[in-house]
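The values are calculated or read from the model by the stated rules, or taken from the named source; none is laboratory data. Since this is a predicted model, take the numbers as computed values, not measurements. Positions of Cβ are generated from backbone atoms using ideal geometry, with glycine treated the same way; all protein chains shown enter the neighbour counts. Side chains are part of the model used for accessible areas, which takes the heavy atoms of the whole protein and leaves out ligands, DNA and RNA. Shrake-Rupley method; radii C 1.70, N 1.55, O 1.52, S 1.80 Å.
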Amino acid sequence: MTQLPIIERAIAHGQRTAIRSATGVHVYRDLIAASETIATTLLDGKDDLQEMRIAYLAPAGERYVGAQWGIWRAGGVAVPLGLAATAKELEYVLTDSQAETVIVASELADKVALMCDRLGIRIVSTGDRPSTPTTTLPEVATDRRAMILYTSGTTSEPKGVVTTHDCIQAQIESLTEAWCWRQDDRIPLFLPLHHIHGIVNIMSCALWSGAEVEAFPRFDLDAVGRRVADGAYTVFMAVPTIYVKLIEWLESLPLAQREPIVEGFAAMRLMVSGSAALPASVHETWTELTGQRLLERYGMTEIGMALSNPYDGERRPGAVGRPLPGVEVRLQADSGEPVADEGVVGEIQVRGPGVFGEYWNRAEATSASFTDGWFRTGDMAVIEAGYFRIMGRRSVDIIKSGGYKLSALEIEACLLDHPVIAQCAVVGVPDEKWGETVATAVVLTSDSFLDLESLRTWCEGRISPYKIPRKLLVVDELPRNAMGKVKKLAVLQLFGGIEVGP
Ligand code: MLC
Ligand code: AMP
C-alpha cells in the first residue's frame, strides 16, 4: 500500500537513529511502530479518521513524533498543543479546532483530563495499546489536510493555519534542498513544538533526511553547551534571542570551559537564525566568537520559509537573502502596484506550494489575506543589492518576543478582565535580547493601585508566561486620536521605545 512520503522514507531509514531524548535512543523503526499503535488506537475499528482533528500534548521526543505520525497515518489532522499554554488557551484550541481526541503523554494528563471530560473529548495516552487488533491503515492522499498550527495575529483570538501533506512536503523539500540536509546530520531541538520553526525546519527536515534529532525539554545553556562541546551536532537552528543568550554565556565562561564549546560550534556545517530579526551586531559577534557565519532566513507559519541567505555564498548581516526553491516572493507597494526598483519598501507577498490553504473555519480571514493568489504577509521589506531586508511590520498589534508572535489585542483582552484596569494598551518595546518586550500602559479605576509584580502574578495561569507584560506604566489617560482610537506609536513613545515625529 502507498504510505505518506514521510512514512515511506522513515521505513527506508529503518535502524538509523532518529531521536535521542531523556527516554533513550530511538531508531526510525521505533517511530514507525509507535505511530502504527497510535493510528490503530485512534481508528478504534474505523477505516479512516477522515480529517478529524486530533490534538496532542507531548514533550519533544519519540512520543511527540509517534503521535503526529499516528494521527497522519489514521487520516486525521494533527493539532499540536503548547506545553506552556494555560488551561484557557488549551480550551480555546480544542474548541476552535473541534478536536475529537487529545493524545497526551501520561505525565501531562492532568493538564487536560478534566477539561476533556467536560468538553466530551476523548483522551488517548501515548502509552495506550489499541483494544482492537492492528487494522489496515488507510491510504491517505497527500492533498488532504494534515496539520493546524495556531498563530496569533491582528485579531484578539489566534487563528488555525491549515496545511496539507503536500504543503508540508513542499516546505520540507525547499529547505532540505537549499540547506543541503544529509543523512549524517545531527541537530539539537529545544524550540517549542507547536510552532513551525521547531516542527518543520528542525524536526521534520531532519526526519525526512534520515538524520538524528536530540530533543531537549527546554533550552538549557549548560545541557546544550555540553553536547556542543562533545561535537554532537552538525547543524544548529535557533531564534536570535538564543544567540544573544549564548554570546552572554560564552563570554562569561573561563577560557578553558569556553574553548571546547566554541570549537563545537565552529565545526558545525550550518548554523541558522530565524523567526525574528537577527541584529547585525549579534551576527558579527557570533562570527568573531566562533568563526561561523550565521545563515539568516525569513518565514511565517502561513507560508513556511520564504527567503534565505545562501548556503554557499555571501551571508549578509541584516538581510534575509533571496527566495527559497519553489517559493515566489514579490513586494507590493501601498498603491497595489508591484515594487519594481531596489530600495523601495513594499509588503512581502508569497506564492507557492508551501503556502497554507486556509485559516480553519475562517473563510473571510482567509480571503482577506490573499491578493490575486499571493499571501499578504504584513511584513515590509526592500531589496538591496539583490537581497531582501525586512523593514518592519504593517501592524503594531503584532509583537515578536523571543521569537514568539504575540497579539497585543489578545493580551489587552486578558488585561481588561483585571478588576482595577479600566483601559489598557499593549505594545512591543524594542529590546536587544528579546527583539521586543511586552509592555502595557493602563488607566486604572478610581482610587486603585497596581504594580508590575501583582499584575504579573494575576496574569499567571491566564496567558502563557511569554505573553505576560514585563513593563507597566500607569497613566491618567491613553493617547488617542480624534476618533478615540488609541495611538499605539505614542504609547510606544511613553516607554521610550521609539522616536515619533511631531
Ligand atoms: C522569558 N523572559 C523574558 C521573555 N521570556 N523576558 C522578556 N521577554 C520575554 N519574551 C524572562 C523570564 O521571565 C525569565 O526571567 C528569563 O527570561 C528566562 O526565561 P525562560 O522562559 O527560562 O527563558 P528561556 O527558556 O531561555 O526561553 C527563551 C527562548 C524561548 C528563546 C528559548 O523564548 C523560546 O523557545 N522561543 C522560541 C519561540 C519559537 O519557536 N518561535 C518560532 C515561531 S515560528 P527570570 O527573571 O524569571 O529569570 C516563526 C516562523 C519562523 O516565527 O520564521 O520561524
Ligand atoms: P509566526 O507567525 O510565528 O510564524 O512568525 C512569523 C513572523 O516572524 C514573520 O511574519 C516576521 O514578522 C517574523 N520573522 C521571521 N523571520 C524573520 C527574520 N529573519 N527577520 C525578521 N522577522 C522575521
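May I ask you to list pairs of residues, at least six apart or on different chains, whose Cβ atoms are under 8 Å apart, with the first in region 169-188 being over 14 Å from residue 207 (Cβ atoms) and the second being modelled with pLDDT under 95 and open to solvent by less than 40 Å² (accessible area, probe 1.4 Å)?
The qualifying pairs do not exist here.
Test each condition in (1) in a strand (DSSP E or B); (2) within 16 Å of ligand 2 (Cβ to nearest atom); (3) β-branched (Val, Ile, Thr) for residue 429 and report the one that comes out false.
(2)
Looking at region 27-44, can you tell me whether even one residue there is touching a residue at least 24 places away in the same chain (Cβ under 8 Å), of a type in the set (A, V, I, L, M, F, W, C), within 16 Å of residue 165 (Cα to Cα) and outside the structural domain of residue 202 (by TED's automatic domain parsing)?
no
If we keep just the residues of region 24-48 that are buried (at least 23 other Cβ atoms within 10 Å of the Cβ) and of a type in the set (A, V, I, L, M, F, W, C), which is farthest from residue 68 (Cα to Cα)?
This residue is 43.
Restricting attention to region 213-236, and to residues there that are under 24 Å from the mean Cα position of the chain (by Cα) and under 18 Å from residue 291 (Cβ atoms), which single residue is nearest to ligand 2 (Cβ to nearest atom)?
In this case the residue turns out to be 236.
Name, by its number, the condition in (1) under 18 Å from the mean Cα position of the chain (by Cα); (2) aromatic (Phe, Trp, Tyr); (3) away from ligand 2 (no atom under 14 Å from the Cβ) that does not hold for residue 359.
(3)
It is to be established whether one or more residues within region 422-443 are modelled with pLDDT of 95 or more and more than 22 Å from residue 496 (Cα to Cα).
Yes - at least one qualifying residue is present in region 422-443.
Residue under question is residue 465, and the condition is that it be surrounded by fewer than 14 Cβ atoms within 10 Å (Cβ to Cβ) and within 13 Å of ligand 1 (Cβ to nearest atom); does it hold?
Answer is yes for this residue.
Kindly provide the set of residues from region 387-423 that are more than 28 Å from residue 344 (Cα to Cα), more than 16 Å from ligand 1 (Cβ to nearest atom) and within 20 Å of the chain's Cα centre (by Cα), ordered by number.
409
Got a sec? Which helices (runs of 4 or more DSSP H) wholly within region 22-105 have at least 2 residues that are closer than 18 Å to residue 152 by Cα and among the β-branched types (Val, Ile, Thr)?
Helices (runs of 4 or more DSSP H) meeting the threshold: 87-96.
Restricting region 299-308 to residues that are of a type outside the set (A, V, I, L, M) and within 12 Å of residue 175 (Cα to Cα), which is farthest from the chain's Cα centre (by Cα)?
That would be 308.
So for region 81-96 (the condition being small (Gly, Ala, Ser) and surrounded by 23 or more Cβ atoms within 10 Å (Cβ to Cβ)), does at least one residue qualify?
So far as region 81-96 goes, no, none of its residues is small (Gly, Ala, Ser) and surrounded by 23 or more Cβ atoms within 10 Å (Cβ to Cβ).
Output the number of the condition that residue 268 fails; it satisfies all remaining conditions of (1) closer than 28 Å to residue 184 by Cα; (2) touching a residue at least 60 places away in the same chain (Cβ under 8 Å); (3) away from ligand 1 (no atom under 15 Å from the Cβ); (4) of a type outside the set (S, T, N, Q).
(2)
What is the one condition in (1) over 30 Å from residue 111 (Cβ atoms); (2) exposed (fewer than 13 other Cβ atoms within 10 Å of the Cβ); (3) within 16 Å of ligand 1 (Cβ to nearest atom) that residue 453 does not satisfy?
Among (1) over 30 Å from residue 111 (Cβ atoms); (2) exposed (fewer than 13 other Cβ atoms within 10 Å of the Cβ); (3) within 16 Å of ligand 1 (Cβ to nearest atom), the lone unmet condition for residue 453 is (1).
Among the numbered criteria (1) open to solvent by less than 30 Å² (accessible area, probe 1.4 Å); (2) at pLDDT below 95, which single criterion is violated by residue 2?
Checking residue 2 against (1) open to solvent by less than 30 Å² (accessible area, probe 1.4 Å); (2) at pLDDT below 95, the one that fails is (1).
Considering only strands (runs of 3 or more DSSP E) fully contained in region 210-301, which possess at least 1 residues that are open to solvent by 10 Å² or more (accessible area, probe 1.4 Å)?
Here the list reads 212-215, 295-300.
Would you confirm whether or not region 104-115 contains a residue that is in contact (Cβ under 8 Å) with a residue 24 or more places away in the chain, within 26 Å of residue 167 (Cβ to Cβ) and either touching a Lys or Arg at 6+ places or on another chain (Cβ under 9 Å) or among the charged types (D, E, K, R) (or both)?
No, there is no match, as no residue in region 104-115 is in contact (Cβ under 8 Å) with a residue 24 or more places away in the chain, within 26 Å of residue 167 (Cβ to Cβ) and either touching a Lys or Arg at 6+ places or on another chain (Cβ under 9 Å) or among the charged types (D, E, K, R) (or both).
Filter region 367-395 for residues that are under 30 Å from residue 98 (Cβ atoms) and surrounded by 19 or more Cβ atoms within 10 Å (Cβ to Cβ); which is nearest to ligand 2 (Cβ to nearest atom)?
So the residue we want is 377.
Picking from 145, 129, 122, which residue would you name as being free of Cβ contacts under 8 Å to residues at least 40 places away in the same chain and either open to solvent by 80 Å² or more (accessible area, probe 1.4 Å) or not assigned by TED's automatic domain parsing to the domain that holds residue 463 (or both)?
From the options 145, 129, 122, the qualifying one is 122.
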